[in-house]
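No value in this document is a laboratory result; all are computed from the given coordinates. Values in this document were obtained by computation on a predicted structure and should not be read as measured data. Counting neighbours? That spans all protein chains shown, and the Cβs are built from the backbone with ideal geometry, glycine included.
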2 protein chains.
Amino acid sequence: MKAIQDFYQEQVSHCYGCGRLNEHGYQIKSYWDGEQALCIFQPQPYHLAVPGFVYGGLIASIIDCHSTGTAAAAAYEAAGREMGTKPDFRYVTASLHVDYLRPTPIDAILHIAAKANEISGRKVVVSSSVIVDDVETARGLVTVVQMPAEWLTSFNSR
Amino acid sequence: MKAIQDFYQEQVSHCYGCGRLNEHGYQIKSYWDGEQALCIFQPQPYHLAVPGFVYGGLIASIIDCHSTGTAAAAAYEAAGREMGTKPDFRYVTASLHVDYLRPTPIDAILHIAAKANEISGRKVVVSSSVIVDDVETARGLVTVVQMPAEWLTSFNSR
């Protein structure tokens, strides 16, 4: 099954969080099931906040990219279009909110579920939840807006 | 001048964002002037969102750690105590909010200014601003709470 990010155009696939062409980055993957998107991520041992627990900035980063991906998939779904068809639905983050409910253990697999609460014009609001062993450790609420069309055409790859 | 993070105890200096002992991390530094804290950060060329602009997750990460540091410095200041004196003021993030006002250029030095809006009991609210060439590109609002005392004593270094 292709991830949402695998449909991104090459010139917008260099993101440190989710770009498949960024060899230094996290390369997160989001999978759409028709209603919501799931991201599974295993932190590295050095992605620490304090020993034993995952760095909150990493959690915010995953939520950020997973939300822009979820928005794209939800927009295609709402439009009744296949993912990857033109013109592209691609989003950037306008605001990011994360509530850290409890420490997230580092020796664990993170499951991040996200869904679009609202699609209105160029804007999508995405809520998400970080789950470790059936326990919710963080919650995200992200507002994204469609990328300017020129971003999808005018960039040169680096 | 010592950075706020240089006063952190060894067992809580492994953070991926600001731990001086995390060789894989960002190792951000925050400098306190008595009223606010300044962090100066140069992104790496691969810290991209789209080519030309800084990854929002990195901005969120810097805001996160810079805010916990600012809270510590502000709490010492409010208590009339020297930084690093015992018992430690050390904070973890309860909620993180970032508004991305405009794209942040990647070939630039980021200046992040932060101050404590409110100190109440174990909680501090910190606002921050990311400035590049005198232009504000992002704004943070972070609520932090004092670390449980046992976190400062019971961890083993990794």
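Descriptive notes on the structure:
- Distance from the alpha carbon centroid of region B:93-135 to that of region B:1-68 works out to 12 angstrom.
- Calculated [θ] (222 nm, deg cm²/dmol) that DSSP helices of n ≥ 4 give over chain A, each run adding -39,500 (n - 2.57): -5500 deg cm²/dmol
- Neighbouring partner chain Cβ atoms per residue of A:37-50, average, 10 Å criterion: 4
- Counting neighbouring Cβ atoms within 10 Å and putting the fewest first, the residues B:Lys123, B:Lys86, B:Lys2 line up as B:Lys86, B:Lys2, B:Lys123.
- Relative contact order of chain A, defined on C-alpha pairs under 8 angstrom at six or more residues apart (%): 23
- Qualifying GluC sites (Glu not before Pro) in region A:53-158, DSSP loop, other Cβ atoms within 10 Å at most 10: A:Glu82
- For chain A, the normalised intensity computed at q = 0.12, 0.15 Å⁻¹ comes to -0.48, -0.75 (log10 of I(q)/I(0), Debye sum over alpha carbons, equal scatterers, no solvent).
- Counts of other chain beta carbons within 10 angstrom of each beta carbon in peptide A:8-14 average 2.
- Counting other Cβ atoms within 10 Å as a rough exposure proxy, the listed residues B:Asp33, A:Asp99 run B:Asp33, A:Asp99 from fewest neighbours to most.
- The residues B:Val92, B:Val130, A:Val98, when put in order of fewest to most other Cβ atoms within 10 Å, stand as B:Val92, B:Val130, A:Val98.
- Ellipsoid equivalent to region B:101-154 - semi-axes via the Cα gyration tensor, in Å: 30, 14, 8
- Ranked from largest, the principal axis spans of the Cα set of region A:1-85 equal 46, 26, 19 Å.
- Extending 7 Å from Cα along the Cβ direction at A:Ala149 and again at B:Arg102 yields two label points whose distance is 2.3 nm.
- Taking the longest Cα principal axis of chain A as reference, the axis of helix A:56-79 is set at about 30 degrees.
- Equivalent ellipsoid, the protein assembly as shown (semi-axes from 5 times Cα gyration tensor eigenvalues, Å): 33, 21, 17
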